[in-house]
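Colleague: Quick one: the structure is below, questions incoming.
Derivation of every value follows stated rules applied to the coordinates shown; laboratory data play no part. Just so it is clear, the structure is predicted and the values come from calculations on it, not from any experiment. Here Cβ is always computed from backbone atoms with ideal geometry, including for glycine, and neighbour counts include all displayed protein chains.
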């Protein structure tokens, strides 16, 4: 039969209804994942349409998945991180939700303190095990939505849970019914979806979830979890690794609206950000992230990265305040004691710092030449140079101007006698065997001496 599609408004054939394939042996996709070689990327040359939703947003897992890989946060630290997320997300709640653990007294205290702030965004959600006691915790705290782990690959169903697909399906549906009975909106985390039999298990399972949701008159969300980072953003890639294919399939064959669809990725193959953007482009409203990309193994999708991806795709920050990203990075380093790798985009020490003399020369002439955007305005971070063996006259001049906040009328050039004298001293330091870069206090002391006190220590 033919009918008008509610998604495309075009006359289409009725969507094929997939049923559960309860196999006797697990499908481990050994042609792709043979374990002893690098996982392969297979193509089937099937294109799916790009279908970016009218509205997209970010959800956060810094206090759940992120916290699993660092020292546990204190209650005050959790509250402060929550405040940062609210400020960063702006008045329109582009950072829509964040999720918490609920098991310990500390977890519950943190949730209560965050709730007391009465901030509209991010909405507070939870993550729990599939048990009635856990649902009771969520209900007692007044949380309206919770994540539930529902592993969907045969690696997990057969190897970890020691179940068949049919048994896993029944177990998961019972768990979701418990959530509905507790009056809690379930967000089903489809763990390891990029190694799962998509049409043999995932789609039939999601279809059953949608049925339960309609009966309970409570929405159900689906989080597609690329648990091992196997997802691939390229067009025409075959399932189970295709991010476009997963998002399209969940929409087209499970009648899942975009606002109920969320992507959660990991960075094992350096594809976390690109995969998340692809999920947006092909129909998921939400991408799940953590601050600084903190999370299991190689981490989650960095939230700060998706702030800029959002702005690039939409042409606007829509009220988000990216300067808060710099505050967050400082807070994690100084107050939490987390060491950010120096080359990390947007937040690492080397992000907009140059050591090369030729780059410094470009910055001196016009910072736009070697700065990716106006980092002063968007991140409250000015471009910097680090003085070392290869800095050159331009790097020294730029450093002096920035360190002493000299106005354009008083700025020194690379041909200034002070710059030349300082360069001679620096060269002598390295000719004498020095291997390290020069610290700020060393440079300031020498500049004060060479300038006869004109430039004093900042």
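Colleague: What does the range 353-450 give for Rg and for Dmax, in Å, if only its C-alpha atoms count?
Modeller: 13.2, 41
Colleague: Using only the Cα atoms of the range 415-458, what are the Rg and Dmax in Å?
Modeller: Computed over the Cα atoms of the range 415-458, radius of gyration and Dmax are 10.7, 30 Å.
Colleague: Can I get the semi-axes of the range 1-84's equivalent ellipsoid? Compute them from the C-alpha gyration tensor as square roots of 5 times the eigenvalues, in angstrom, largest first.
Modeller: Gyration-tensor ellipsoid for the range 1-84: 38, 28, 15 Å.
Colleague: Right, next: If I take all pairs of Cα atoms in the chain, what percentage of them are more than 35 Å from each other? Intermediate results must be reported in sequence, preceding the final value.
Modeller: On the way: 43110 of 104653 pairs.
Tail of P(r) above 35 Å: 41 percent of Cα pairs.
Colleague: Which of 413, 290 comes first, and how do the rest follow, when ranked by fewest Cβ neighbours within 10 Å?
Modeller: Numbers: 413 11, 290 26.
Taking fewest neighbouring Cβ atoms as first place, the list is 413, 290.
Colleague: So for the range 2-336: antiparallel DSSP bridges make up what percent, rounded to the nearest 5? Mind dumping the intermediate values first?
Modeller: Details: 5 of 38 bridges.
Roughly 15 percent of the DSSP beta bridges within the range 2-336 come out antiparallel.
Colleague: Put a dot 7 Å past each Cα toward the Cβ at residue 321 and residue 55; how far apart are the dots in nm?
Modeller: For the pair residue 55/residue 321, the computed spacing is 2.2 nm.
Colleague: To continue, here is another question. So for the range 353-450, averaging the separation of alpha carbon pairs under 8 Å that are six or more residues apart and normalising by length, what relative contact order in percent results?
Modeller: Values: 107 pairs, mean separation 25.1, N = 98.
Computed value for the range 353-450: 26 percent relative contact order.
Colleague: Just want the ordering: 156, 45, 189, 171, from fewest to most Cβ atoms lying within 10 Å of their own Cβ.
Modeller: On the way: 156 20, 45 8, 189 23, 171 15.
The most exposed by this proxy come first: 45, 171, 156, 189.
Colleague: Can you sort 127, 399 by how many other beta carbons sit within 10 Å, fewest first? Write out the running numbers ahead of the final one.
Modeller: Numbers: 127 21, 399 24.
By the 10 Å Cβ count, ascending, the order reads 127, 399.
Colleague: Got the relative contact order for the range 2-336 handy, in percent, Cα pairs under 8 Å and 6 or more residues apart?
Modeller: That works out to 22 percent.
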